[in-house]
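Everything on this sheet refers to the single structure shown next.
The values are calculated or read from the model by the stated rules, or taken from the named source; none is laboratory data. Quick caveat: nothing in here was measured; it's all calculated off a predicted structure. Note that each Cβ is placed from the backbone with ideal geometry, even for glycine, and that neighbours are counted across all protein chains shown. Only protein heavy atoms, including side chains, enter the accessible area calculation; ligands, DNA and RNA are left aside. Shrake-Rupley method; radii C 1.70, N 1.55, O 1.52, S 1.80 Å.
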Amino acid sequence: MGRVILHCDLNNFYASVECLYHPELKNKPVAVCGESELRHGIVLAKNQIAKSYGIQTGDVIWQALRKCPNLVILKPNFPLYIRFSKLVQQIYSEYTDLIEPFGIDECWLDVTESTKILGSGRKIAYEIKERIKTELGLTVSVGVSFNKVFAKLGSDYKKPDAVTVITKENFKQIVWPLPAKDLLYVGSATEKKLSSRAIYTIGDIAKSSPEYLKRILGKWGEVLWIFANGLDTTPVTPPLFEDNIKGIGNSITLPRDLTCYEDAEYVIRMLSESVAQRLRQQYLKCYTVQVWIRDSFLFSITRQEKLQTPTFLAREISQKAFEIFKKHWNFKNSIRSLGVRALDLVCANSFYQLEFDSLKKLKLEQLEKAIDQIRRRFGQSAVLPAILLTKSDLPCEIPLHNKIHPVAFFK
């Protein structure tokens with residue numbers, strides 16, 4: 001019979017949830033945006049009315065307002081969105097246990113076995129769509145196909161509140177005329193490389209030889225050829241079976257540009273406190289520290305170095321991160337965003353070669369664990385490094401979690 005895969009994509013998710021809680025905005029153009037005063041001022045989501053004005057996800061707030069002067073701008077409420085995401089996944093779980101999230105508002109469902117009891121993939125898709133609308137007040141677009149890539153193309157094909165079925169018999173008629181950029185993992189850079197060689201549609205990719213695409217795009221050329229020809233066999237993988245955590249990090253866009261090493265040291269210490277605290281929560285230590293830098297022209301670099309022994313101490317992560325930063329940045333340009341990441345993770349109680357000052361390090365670990373307990377009870381700002389009290393124009397609150405990001409297709 002072959003597989004039956006659904007891809008469910010909640011329509012205008014953030015904005016739709018906000019309109020549920022603000023019914024007076026139902027017939028107005030609404031956009032959920034980052035905080036403009038902290039320079040996170042881009043459109044994260046928009047409702048259908050705002051979309052009709054040409055507003056797109058990623059537009060800067062001033063661009064969105066130029067397109068639609070009466071646009072209602074709301075700040076994001078991520079805990080609320082996570083709550084609704086879980087409610088939607090509860091509905092999905094009544095149809096299959098093979099559910100793979102692809103970000104907060106998208107999921108793949110493998111309903112192959114469920115079709116034997118509940119009917120065709122199309123029937124299941126329509127039932128899920130109507131239940132989400134009736135029970136939660138949200139709309140969803142569902143793609144039904146024989147693999148994950150075409151199921152996702154199906155959910156994008158017709159929006160909002162729609163079901164599209166792509167089969168082995170009709171995919172050449174539906175999928176191949178679509179622009180190449182609609183295929184999963186064809187970004188703007190890949191699209192330019194393809195179009196420069198007269199490859200404009202998914203069908204053009206499918207009809208090219210995999211060897212030719214590999215010469216143009218490396219290994220991804222062969223992957224895209226497999227996707228375009230409907231040969232993807234990637235399984236729907238529930239989170240329970242995902243690989244272990246590969247890294248823990250935090251990044252931040254600052255309310256003003258960083259112009260000196262003193263500024264950078266301040267932000268690196270703040271981010272390192274967050275990374276170290278999250279490592280301790282997961283009972284992990286890191287062998288590698290990575291620093292990510294984006295300047296005022298949006299040029300980015302990433303650099304990393306190894307530690308002699310693994311650590312979850314904020315001061316050690318911060319010291320190594322600042323050392324890396326000074327080696328690789330001379331402030332020819334000011335800095336807009338900065339990030340610190342811990343890699344090469346091991347269990348916190350794993351064995352490693354002790355240092356001469358290992359007793360001192362043990363005491364510091366006990367100290368930082370005690371600080372964690374104080375923060376859990378009294379808040380993240382209850383105990384702060386003194387350096388985080390020196391700059392009133394930079395944030396001092398330690399971010400314990402990054403905001404929501406999509407997950408990778410390949411595990």
Highest-fluctuation residue, Val223, Val275, Val291 considered, GNM on the chain with Cα pairs under 10 Å
Val223
Assigning unit charges at the beta carbon (Lys, Arg +1; Asp, Glu -1) and nothing else, what dipole magnitude in debye, to the nearest 20, does the chain show about its Cα centre?
480
Give me the accessible area per residue for segment 71-148, probe 1.4 Å, as a whole number in Å².
43
Tally Lys/Arg at +1 and Asp/Glu at -1 over every other residue whose Cβ is under 12 Å from the Cβ of Leu98; what's the total?
-2
Assigned charges on the beta-carbon of Lys, Arg, Asp, Glu; segment 286-396 dipole about Cα centre (debye)
220
Using the Karplus curve 6.51 cos²θ - 1.76 cosθ + 1.60 with θ = phi - 60°, work out ³J(HN,Hα) for each residue of segment 153-169 in order, rounded to whole Hz, and write x for Gly and Pro.
4, x, 5, 7, 5, 9, 9, x, 6, 9, 10, 10, 10, 10, 10, 5, 7
For semi-axes √(5λ) of the Cα gyration tensor in Å, several values are listed as [x] 40, 26, 24; [y] 47, 25, 20; [z] 34, 24, 20; flag the one computed from this structure.
[x]
Decide, for segment 231-367, between rounded, prolate and oblate: order the square roots of the alpha carbon gyration tensor eigenvalues as a ≥ b ≥ c, take rounded if a/c falls under 1.5, and otherwise choose prolate if a/b is larger than b/c, else oblate.
oblate
Per the helix-only calculation at 222 nm, which mean residue ellipticity applies to the chain, given -39500 (n - 2.57) for every DSSP H run of n ≥ 4 and division by its residues, nearest 500 deg cm²/dmol?
-11500 deg cm²/dmol
May I ask you to derive the relative contact order of segment 185-331, considering only C-alpha pairs under 8 Å and at least 6 residues apart, and to give it as an integer percent?
17
Which values of log₁₀ I(q)/I(0), to two decimal places, follow from the Debye formula for segment 48-171 at q = 0.13, 0.18 Å⁻¹ with a uniform point scatterer at every Cα?
-0.62, -1.03
Residue of Leu307, Leu258, Leu362 that the Gaussian network model of the chain assigns the largest fluctuation, springs spanning Cα pairs under 10 Å:
Leu362
Portion, in percent, of the accessible area of segment 186-306 that falls on carbon or sulfur, probe 1.4 Å:
53
J(HN,Hα) series, segment 144-152, from Karplus relation 6.51 cos²θ - 1.76 cosθ + 1.60, nearest Hz, glycine and proline x
10, 7, 9, 8, 5, 5, 6, 4, 5
Output the relative contact order of segment 71-162, whole-number percent, from Cα pairs under 8 angstrom with separation of 6+ residues.
17
I'd like the carbon and sulfur percentage of the solvent accessible area for segment 1-153, probe radius 1.4 Å, heavy atoms only, ligands and nucleic acids excluded.
56
Over 29 Å between alpha carbons, listed pairs Lys123/Lys158; Lys28/Lys86; Lys67/Lys332; Lys246/Lys391
Lys67/Lys332; Lys246/Lys391
Between Arg197, Arg269, Arg131, which gets the highest mean-square fluctuation from a Gaussian network model of the chain, Cα cutoff 10 Å?
Arg197
In whole Å, how far is the Cα centre of segment 178-255 from that of segment 297-322?
30
How do 116-124, 248-256, 382-390 rank on mean C-beta neighbours within 10 Å, highest first?
248-256, 116-124, 382-390
Quote the Stokes-Einstein diffusion coefficient, in whole µm² s⁻¹, for segment 139-193, based on the Kirkwood radius over alpha carbon pairs, a temperature of 20 °C and a viscosity of 1.002 mPa s.
185
P(r) for segment 171-234: what percent of alpha-carbon pairs falls in each 10 Å bin, starting at zero?
25, 63, 13
Which whole-Hz ³J(HN,Hα) couplings does segment 197-214 yield from phi under the Karplus relation 6.51 cos²θ - 1.76 cosθ + 1.60, θ = phi - 60°, glycine and proline marked x?
10, 6, 10, 10, 10, 5, x, 4, 5, 4, 8, 6, 7, x, 5, 5, 5, 5
Given a cut-off of under 8 Å on Cα pairs at least six residues apart, what relative contact order in percent is computed for the chain?
14
